[in-house]
Amino acid sequence: MNTNELITQTIEGSTLSMDQSEYLFDAIFNGQISEISLAAVVAAMKVRKEQPEEIAGAIKSMRKYAVSLPITEHVFDTCGTGGDHSRSFNISSAVAIILNAMGYAIAKHGNRSVTSKSGSADFYEALNIPVHLSGEEATHYFNKTKFIFLFAPDYHPAMKHAAPVRKQLGVRTIFNYLGPLTNPLQPKKQMIGVFHPSFLEVYSKAAIPLGYERLVLYSSTNGMDEISPVHPTTVVEIQDNNSTTMVINPEDFITPQEASSIPYDKTPQENATLFIDIIQSKKPQALSKLLALNTSLALYVLDHSSSIEKNYKDALEAIHSGCVASAVSKLQEV
């Protein structure tokens with residue numbers, strides 16, 4: 001394969017195979033492509049719409065250049081795409097902590113906020129949970145807590161070659177698809193919230209060849225990359241190279257009145273305070289019910305024999321039992 005030929009092929013409107021895309025993105029992450037060529041490639045893909053094979057190839061390439069850790073334990077990740085402009089609470093980040101408190105090993109991949117006031121790194125910093133651990137320090141922390149936050153810029157140094165173009169273009173490109181599927185520890189089971197339901201099909205097709213044991217992709221009908229407290233959420237489950245779809249109706253768990261009371265558009269410190277208040281309370285409230293509902297989907301991925309309804313009850317009980325508060329205290333100890 002020839003990089004220049006692949007660039008020309010893409011700009012002229014042709015679709016790349018997974019292998020061709022991987023080869024091209026290898027060149028991108030090696031810094032072998034000029035900024036103007038890179039901008040032309042990602043813009044051309046965006047105009048004709050990125051194809052699953054191209055996304056999968058880019059992910060396979062990006063995974064090769066990620067900084068990994070000597071952790072062999074099976075981990076779970078709740079990293080979503082972000083970019084839904086919902087300004088919601090840090091739901092998936094809180095779910096990761098709840099799962100850890102329930103006994104699961106977590107490698108939470110994430111970044112700072114782009115479209116809201118509080119990204120996962122911002123939220124964890126406000127909780128005094130370390131976000132910049134790497135190397136031996138990160139491995140030691142994980143072995144002690146069974147939790148690690150993998151701050152994306154620290155673990156994907158090759159992305160520096162794409163950063164200037166992404167910033168100058170200022171629009172969503174193929175790079176926005178890559179983050180959730182490029183956790184450096186490559187978990188075999190994962191849940192990924194997607195910024196709009198119209199992207200579920202292409203994203204699920206891209207994920208199928210990536211070697212997951214079990215993966216769910218989900219997005220609410222109003223374009224939230226979490227299970228919404230108001231609108232139905234479509235869930236695509238991928239297992240054994242096949243995909244199935246189900247819908248979660250929030251009204252089965254949260255009343256419309258409760259949903260309207262859930263805070264949003266808060267700062268990291270405000271979200272951290274809300275979370276601490278919830279996990280120190282014995283009484284279920286609207287936000288804790290939403291966190292339990294999102295946790296229930298994660299538990300379903302982790303145990304296929306479980307049900308969303310049973311998982312919801314277990315998660316809500318865990319949130320108010322004190323075990324999540326204990327987990328947070330442990331995570332704050334470096």
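Computed from the coordinates by the stated procedures, all read-outs in this text should not be read as laboratory data. A quick note: this is a predicted structure, and the numbers were derived from the prediction, not measured. A quick note on method: Cβ atoms are made from the backbone with ideal geometry, for glycine too, and the neighbour counts reach across all protein chains shown.
The protection proxy used here, the mean number of other Cβ atoms lying within 10 Å of each residue, ranks peptides 265-274, 21-30 as follows, highest first: 21-30, 265-274. Angle of helix 268-279 to the longest C-alpha principal axis of the chain, folded into 0 to 90 degrees and rounded to 10: 40°. A simple charge model with +1 on the Cβ of Lys and Arg, -1 on the Cβ of Asp and Glu and nothing else charged puts the dipole of the chain at about 380 debye relative to its Cα centre.
The coefficient of translational diffusion for the range 225-334, derived via Stokes-Einstein from the alpha carbon Kirkwood radius under 20 °C and 1.002 mPa s, stands at 142 µm²/s.
If you take all other residues with their beta carbon under 13 Å from the beta carbon of Asn100, and give Lys and Arg +1 and Asp and Glu -1, the sum is +2. Of the GluC sites (Glu not before Pro) found in the range 212-258, the ones in coil according to DSSP and having at most 15 other Cβ atoms within 10 Å of their Cβ are Glu213. Using only alpha carbons, the range 3-64 has a radius of gyration to Kirkwood radius ratio (Rg to Rh) of 0.91.
Modelled this way, with points 7 Å down the Cα-to-C-beta line, the labels at Ser260 and Glu35 are 5.0 nm from one another. To the nearest ten degrees, helix 35-48 and the longest principal axis of the Cα atoms of the chain are 70 degrees apart. Against the longest principal axis of the chain, how steep is helix 308-321, in degrees 0 to 90 to the nearest 10, with axes from Cα atoms? Taking Cα atoms only, the helix is inclined about 60 degrees. Normalising the average separation of contacting C-alpha pairs (under 8 angstrom, six or more residues apart) by the number of residues puts the relative contact order of the chain at 20 percent.
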